[in-house]
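Below you'll find the structure, written out as structure tokens, and then a few comments.
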């Protein structure tokens, strides 16, 4: 077991990474408040891990009940949020209760937002069971649901009390979900750590084969990188925005294609290729480094081209991105491998050129 700490003063918290972490009652015990716990999960994850988590919580002294939500991106909706809040109220969960998010990024985002707004905010734990959630979405306190106009547009910053990442749980992850999680690892490397990019280029096969050592390495390193950025800029007023490399294009892909048709990591992968291309066109990045982005995304079995939406639709959706300022789109671009920057006020013609070069005539997520 390894532990990474997110340093946020009185809101600091540990990220525990290791095989078998879900069963470790001692990891739950310090964060259970009065001992009443609502476990938010879905019908896919529940049969695999709910009983183990309930048993660990019981050993830690907690009384747990579960709330099931839909599987997939459609769960990040007002209707799902209302059902969760209704269940918490029906169970008379008090302000000293705790919400536990057991699942991937969708469950974590929804459960975290419910915890943020329930009785003005109660504690919650993140138990991520997908690679994407373990390396990214469970860390940093971003919680949200989607809106018809864009992804994650309704939400709150609400830090967890702890993150418990069991890398052995990734053995049951569908292949497509695993590769979508690898996209966020690739993002951390290109945005923040050239050494991680080198490691991925040398060890991608071991990671895709789910070797526990490789999984533990990328989860721990990704959490270290993200924890440092979050500690410096919790509310994304500056540096934290670089964690969104590929997301301006990626969120437009998700919304434009219809939530759930592309996995988040797939959309981010194609978005990173677009962002690298735009970085070259702006004059920040050399073409050889942009080629490394595309090559690693392709080796990971991820899309390198976006779906066939009209350029005007892409631009409309990107204008709604949360990083936009004063009505202008802002993009996360690369100056070099391992160093991303926020860049605004770009010539729209450059963005259109990127779309023309990187949008596929096909509309399925498997297009390369």
> Please state the relative contact order of the chain as a whole percent: Cα pairs under 8 Å, 6+ residues apart?
Replying inline: 15
> Which shape class applies to the stretch 193-281: rounded if a/c is under 1.5, otherwise prolate when a/b exceeds b/c and oblate if not, where a ≥ b ≥ c are the square roots of the Cα gyration tensor eigenvalues?
Replying inline: oblate
> Once the Cα atoms of the stretch 175-358 are picked out, what are the Rg and Dmax in Å?
Replying inline: 15.4, 46
> Taking Cα atoms, how many degrees apart are the long axis of helix 264-282 and the longest axis of the chain, rounded to 10 and kept between 0 and 90?
Replying inline: 30
> Helix 105-117 versus the longest principal axis of the chain: what is the Cα-based angle in degrees, 0 to 90, to the nearest 10?
Replying inline: 60
> Which peptide among 1-13, 277-289, 100-112 comes first, and what is the full order, when sorted by highest mean count of other Cβ atoms within 10 Å?
Replying inline: 100-112, 277-289, 1-13
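With the Cα gyration tensor of the stretch 103-163 giving a ≥ b ≥ c as the square roots of its eigenvalues, does the rule (a/c under 1.5 for rounded; else a/b larger than b/c for prolate; else oblate) give rounded, prolate or oblate? Could you put the intermediate results ahead of the total?
Working: a/c = 2.06, a/b = 1.08, b/c = 1.90.
Oblate.
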> If you count the DSSP beta bridges with both ends in the chain, what percent of them are antiparallel, to the nearest 5?
Replying inline: 45
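For every helix of n ≥ 4 consecutive DSSP H residues, a contribution of -39,500 (n - 2.57) applies; sum these over the chain, divide by its total residues, and give [θ] at 222 nm rounded to the nearest 500 deg cm²/dmol.
Value at 222 nm, helices only, nearest 500: -13500 deg cm²/dmol.
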> For the chain, what size does the Cα cloud have along each of its three principal axes, sorted from largest down, in whole Å?
Replying inline: 58, 40, 38
> If you line up the long axis of helix 348-358 against the longest principal axis of the chain, both from Cα atoms, how many degrees apart are they, to the nearest 10?
Replying inline: 80
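Going highest first, how would you order 261-270, 230-239 by mean Cβ packing within 10 Å?
Values: 261-270: 27.2, 230-239: 14.6.
Descending mean neighbour count gives 261-270, 230-239.
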> Given 5 Å bins starting at zero, what is the percent of C-alpha pairs of the stretch 2-172 in each, up to the one with the largest pair distance?
Replying inline: 1, 10, 20, 25, 23, 14, 6, 1, 0
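Here, each number is a calculation from the coordinates, and none is a lab measurement. Treat the numbers as computed from the prediction; the structure is a model and nothing was measured. Positions of Cβ are backbone-derived with ideal geometry, glycine not excepted, and every protein chain shown enters the neighbour counts.
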